[in-house]
Every structure is written in structure tokens, then in C-alpha cells.
Amino acid sequence: MTTPLEVLRRRGWHKGWYTNGDGKVCMLGARQVAEGNGFGYLLDRDRDWYTAVGEVIAEQFPERAVRKSEGLTSVAMFNDHPATTFEDVEAVLEKAEIRLSEQVQP
């Protein structure tokens, strides 16, 4: 499976909506492309990804970690934060991918 980070490296990263006219994607857009989902659809299996990414954001960039009502850190708010760079996004996704790979699968 293609990872969101691979999608970002291939298509390019941007802030704002899921994708722009040039095909660049935000972190959430990259997740949707990697999963083959339409933009805006949140599937149950995405919750583990959102949780892992949110935990890394909260640990690495607490000043940019905005909690949503359901307790998850907002990936979109981090992606779109004025101080967030592509290097920050890469670091978060690399750490989240490691965290997810270490989870025990049922």
C-alpha cells in the first residue's frame, strides 16, 4: 500500500483544502489518496491513523496541537498552521508510520 508520505512526496504538499488545481495535497488529502477514498470520507480504519498522527503532533509540536471535541488532535489545523513546514509534516508522518507498524494486529 502507498503511504500518505509517499503521496505527498510524489504529488507535492500544500496547505488548505484536500487538493489544489495542481494536484498537490494536504496531509488529509494524502491519506485519502493513499487509501483510494474520495476526499472527505472518514472510514473506521482511518481512526488509528488519525490517532497516531495526532499523538505525534501533540508530542513534537504541542504549540500547534489543537484538540477536537472527540479528543483527537486536528491534523488539518497542524497542516495549515502558519509555522508548519513540509519537513515538519514529513517528520510527523514518518514517526506515525513507525508507530502504526508497531501496533499489534488482531
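The values are calculated or read from the model by the stated rules, or taken from the named source; none is laboratory data. These numbers were taken from a predicted model, which means no experiment stands behind them. Don't worry about glycine lacking a Cβ; one is built from the backbone with ideal geometry, like all the others, and counts go over all protein chains shown.
A few remarks follow.
- Each residue in segment 13-39 was checked for being of a type in the set (Gly, Ala, Ser) and surrounded by 14 or more Cβ atoms within 10 Å (Cβ to Cβ), and 3 pass.
Table: residues versus (1) over 15 Å from residue 15 (Cα atoms); (2) among the hydrophobic types (A, V, I, L, M, F, W, C); (3) at pLDDT below 95; (4) buried (at least 17 other Cβ atoms within 10 Å of the Cβ).
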{"position": "53", "(1), (2), (3), (4)": "yes, yes, yes, yes"}
{"position": "62", "(1), (2), (3), (4)": "yes, no, yes, no"}
{"position": "73", "(1), (2), (3), (4)": "yes, no, yes, yes"}
{"position": "91", "(1), (2), (3), (4)": "yes, yes, no, no"}
{"position": "97", "(1), (2), (3), (4)": "yes, no, yes, yes"}
{"position": "101", "(1), (2), (3), (4)": "yes, no, yes, no"}
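- Residue pairs meeting the criteria (Cβ under 7 Å; at least 6 apart or on separate chains; first in contact (Cβ under 8 Å) with a residue 24 or more places away in the chain, in segment 1-25; second among the polar types (S, T, N, Q)): 15/79
- If only residues of segment 1-28 that are small (Gly, Ala, Ser) and in contact with a helix residue (DSSP H, G or I) (Cβ under 7 Å, 6 or more places away or on another chain) are counted, the one that is nearest to residue 89 (Cα to Cα) is 16.
- Residue satisfying all of: in segment 75-87; touching a helix residue (DSSP H, G or I) at 6+ places or on another chain (Cβ under 8 Å) and in a helix (DSSP H, G or I); surrounded by the fewest Cβ atoms within 10 Å (Cβ to Cβ) among these: 86
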